[in-house]
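Here's the structure we're looking at; comments come further down.
The values are calculated or read from the model by the stated rules, or taken from the named source; none is laboratory data. What you are looking at is a predicted structure, and each value in this text was computed from that prediction instead of being measured. Virtual Cβ from ideal backbone geometry, glycine too; neighbours counted across all protein chains shown. Accessible surface is based on the protein model in full, side chains and every heavy atom, while ligands, DNA and RNA are left aside. Shrake-Rupley method; radii C 1.70, N 1.55, O 1.52, S 1.80 Å.
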Amino acid sequence: MFNKGADTTPLFDIVDGLPYSADLNTELTVVATTSGPCVGVSVFLALTGPVDQGKWESFEPYCLFGDDGANYREGGYFDAGTYEIAAFPYNVDDENGLTMSFTLSNGPAGPAPTPVPVP
């Protein structure tokens with residue numbers, strides 16, 4: 001997960017099933033990386049949840065809301081909630097696709113703190 005713009009430092013890497021927080025008053029984007037037989041192919045990114053977005057990207061970086069090379073120029077406002085992000089490479093076996101879910105809340109960027117149990 002990244003802020004939109006020229007800063008290519010991730011706020012956090014999405015790991016399947018984990019909760020995260022980010023400033024939901026700023027535009028954010030998701031960027032996918034590829035490896036193995038998926039390097040250099042077009043990738044379809046699909047986000048479902050409180051905000052839905054889909055985009056084909058033909059060149060790295062593979063950004064959910066588009067880019068112009070090193071600048072993640074577009075972003076979207078995310079609402080708090082549970083999301084699923086999927087990335088599917090074009091013309092490569094379906095087994096090379098990836099789907100992950102995550103929960104997003106408003107707050108400082110990063111993994112959401114683990115709640116402390118009340119005795």
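Kindly list the residues of the range 1-39 that lie in the label zone of T103, defined by a backbone N under 15 Å from the point 7 Å along the Cα-to-C-beta vector.
Answer for the range 1-39: 15-22.
Please calculate the 1.4 Å probe accessible area of S21, with all protein chains present, and give it to the nearest 10 Å².
10 Å²
Using a probe radius of 1.4 Å on heavy atoms only, what accessible surface per residue do you get for the chain? Whole Å² is fine.
With the other protein chains kept in place, the chain gives 57 Å² per residue.
If I ignore ligands, DNA and RNA and count only protein heavy atoms, how much of V30 is accessible to a 1.4 Å probe, in Å² to the nearest 10?
Per-residue accessible area (V30): approximately 10 Å².
Excluding A109 itself, what net charge comes from residues whose Cβ is under 14 Å from its Cβ, given Lys and Arg +1 and Asp and Glu -1?
Spelling it out: positives minus negatives among the neighbours equals -3.
Among S42, M1, A22, flag the residue with its Cα farthest along the positive direction of the charge dipole of the chain, charges on Cβ as +1 for Lys/Arg and -1 for Asp/Glu.
Result: A22, furthest along the dipole toward the positive end.
Run the quick spin-label model on S42 and N25: label points 7 Å from Cα toward the beta carbon, then report their separation in nm to one decimal.
Between S42 and N25, the simple spin-label model gives 3.9 nm.
Hey, any idea what the orientation-averaged projected area of the convex hull of the chain's Cα atoms comes to, in nm²? Walk me through the numbers before you get to the answer.
On the way: hull surface 31.9 nm².
Taking the Cα atoms of the chain, their convex hull projects to 8.0 nm² on average.
How much of the accessible area of the chain, probe 1.4 Å, is carbon plus sulfur, in whole percent?
Working: 3650 of 6790 Å².
Its accessible area is 54 percent carbon and sulfur atoms.
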